[in-house]
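The next block holds one structure in the form of structure tokens; read it before the comments.
Read-outs: derived from the displayed coordinates by stated rules, not from any lab. Computed from a predicted model, the values in this text were never measured in an experiment. Cβ: placed from backbone, ideal geometry, glycine included. Neighbour counts: every protein chain shown.
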Amino acid sequence: MNNISAGSSVYDVVHWFSIKVIDEKRKVVEFVCWDGLKWQLRLKYDWYFKYRAALLQVKYPRLEVNCYWGNEPATGKTLEEIRLDKIRAKKSKITQYRNKLEKAKANWTSLFAIEDDVDYQRAVEKIKRLEFELRAL
């Protein structure tokens, strides 16, 4: 089991939990593993992992059931990086739609105002929805 260093944050490591069923010859009969868990999630569902181990013990009453858990360094993007990527993507989409609307306004040649056009109104509503989603992030 690895130890978390004092300088690392909660998001620098991910946790795992595994259950092994071993027979008399030390051969693995069944192996169940959950990985990529945050610490809070691992604690929250600890009852479930123990429940699954108990089910395996009932399924294999004469065999040895072992539970292991630990942590490892997180790889990939952190939660903050994922959130920033989502924000960047929303801003990009909003800019894209605004530019398309400006281009449509500049090239509008119909007798009626562009604000009365159904497609224009849908695009404006979509921009408003994207801005709302951006504020929610």
> Taking the inverse of the average 1/r across all pairs of different Cα atoms in segment 10-73, what Kirkwood radius in Å do you get?
Replying inline: 12.4
> Tell me, what is the percent relative contact order of segment 10-73, built from C-alpha pairs under 8 Å that lie six or more residues apart?
Replying inline: 48
> Relative to the Cα centre, what is the charge dipole magnitude of segment 10-73, using +1 at the beta carbon of each Lys and Arg, -1 at the beta carbon of each Asp and Glu, and rounding to the nearest 20 debye?
Replying inline: 220
> Taking the inverse of the average 1/r across all pairs of different Cα atoms in segment 79-136, what Kirkwood radius in Å do you get?
Replying inline: 12.6
> Relative to the longest principal axis of the chain, what angle (0 to 90°, nearest 10) does the C-alpha long axis of helix 79-106 take?
Replying inline: 20
> Taking chymotrypsin sites (Phe, Trp or Tyr not before Pro) as exposed when DSSP calls them loop (any state but H, G, I, E, B) and at most 14 other Cβ atoms lie within 10 Å, what is the longest stretch of the chain free of them, the sites themselves excluded?
Replying inline: 1-107
> GNM on the chain, C-alpha springs below 10 Å: top fluctuator among S110, S18, S92?
Replying inline: S110
> So which lysines pass the test for K128, namely a Cα distance under 19 Å, with those fewer than 8 places away in the same chain ruled out?
Replying inline: K86, K90, K91, K93, K100, K103, K105
> For segment 25-111, which trypsin sites (Lys or Arg not before Pro) are in a loop by DSSP, counting at most 10 other Cβ atoms within 10 Å?
Replying inline: K25, R26, K27, R62
> How many lysine pairs are close in segment 10-73, with Cα atoms under 26 Å apart and the two 8 or more places apart or on different chains?
Replying inline: 11
> Over the Cα atoms of the chain, what Rg and Dmax result, in angstrom?
Replying inline: 26.7, 86
> Using helices alone, what [θ] at 222 nm do you get for the chain, with -39,500 (n - 2.57) per DSSP H run of 4 or more residues, divided over all residues and rounded to the nearest 500?
Replying inline: -16500 deg cm²/dmol
> Relative to the Cα centre, what is the charge dipole magnitude of the chain, using +1 at the beta carbon of each Lys and Arg, -1 at the beta carbon of each Asp and Glu, and rounding to the nearest 20 debye?
Replying inline: 100
